[in-house]
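Trainee: Dropping a structure here in structure tokens format, bear with me for questions.
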Amino acid sequence: MPNVSLNRPAARPLSLWGAIAGAKCPRCRQGAMFAAPAYHLARFTDMNPHCPHCQLRFEVEPGFFYGAMYVSYAFGVATFVAGLVAVNVLVAKPVLQHYLGVIIPALVLLAPLSFRYSRVLMLYGFGGVKFDPQVAGLTTKGGNPI
Ligand SMILES: [Zn+2]
């Protein structure tokens, strides 16, 4: 019996949303953008300079990820508003300490995710990098499926 899996890629690339959720390279959707897990507190900011699968340079131009601060700011505002709503819904007569007790821990605990996903969304939204099935190993040079 012939082994039909020889010509197939090692791993099937993710969908767009799966790649964003997994912080994968926007070109091949297989290589990890970050070098360590999100809640590895000493290294959650460590980003791979290049995609380990297709060698795409993630910082597409110098200072590119400064723009991610605006995305991170939006995440912070969304967390703040969600905390306000949660306290107003869950507490009968909320006082300032209730708001501070919910919003500040939420902002601190979600900081690694905010950092990462602001960079991921910046790269996917403004990086100008499109998914390439050939780089992902799904098609041949002529565009035919493998
Ligand atoms: Zn890649």
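Trainee: Restricting the search to region 8-47, which residues are away from the ligand (no atom under 16 Å from the Cβ) and in contact with a strand residue (DSSP E or B) (Cβ under 8 Å, 6 or more places away or on another chain)?
Mentor: Phe44, Asp46
Trainee: Additional query: Are there helices (runs of 4 or more DSSP H) fully within region 37-141 with at least 3 residues that are over 14 Å from the mean Cα position of the chain (by Cα) and either in the same structural domain as Gly18 (by TED's automatic domain parsing) or modelled with pLDDT of 95 or more (or both)? List them.
Mentor: Values: elements: 68-90, 96-109, 111-126, 133-136.
Counting at least 3 such residues, we get 68-90, 96-109, 133-136.
Trainee: When both residues are 6+ apart or on different chains and their Cβ atoms are under 6 Å apart, which pairs have a first residue that lies in region 42-60 and is farther than 14 Å from Lys24 by Cβ and without any contact (Cβ under 8 Å) to a residue 12 or more places away in the chain, and a second that is more than 8 Å from the ligand (Cβ to nearest atom) and aliphatic (A, V, I, L, M)?
Mentor: Arg43/Ala36
Trainee: Separate question: Looking at region 1-29, which of the residues that are touching a Leu at 6+ places or on another chain (Cβ under 8 Å), assigned to a loop (DSSP other than H, G, I, E, B) and within 17 Å of Tyr124 (Cβ to Cβ) is modelled with the lowest pLDDT?
Mentor: The selected residue is Pro13.
Trainee: For Val87, indicate whether it is β-branched (Val, Ile, Thr) and within 16 Å of the ligand (Cβ to nearest atom).
Mentor: Considered against the rule, which asks whether it is β-branched (Val, Ile, Thr) and within 16 Å of the ligand (Cβ to nearest atom), Val87 comes out as no.
The values are calculated or read from the model by the stated rules, or taken from the named source; none is laboratory data. The shown structure was predicted, so the numbers you read here are calculated from the model rather than taken from an experiment. All Cβ positions, glycine included, derive from the backbone under ideal geometry; neighbour counts span all protein chains shown.
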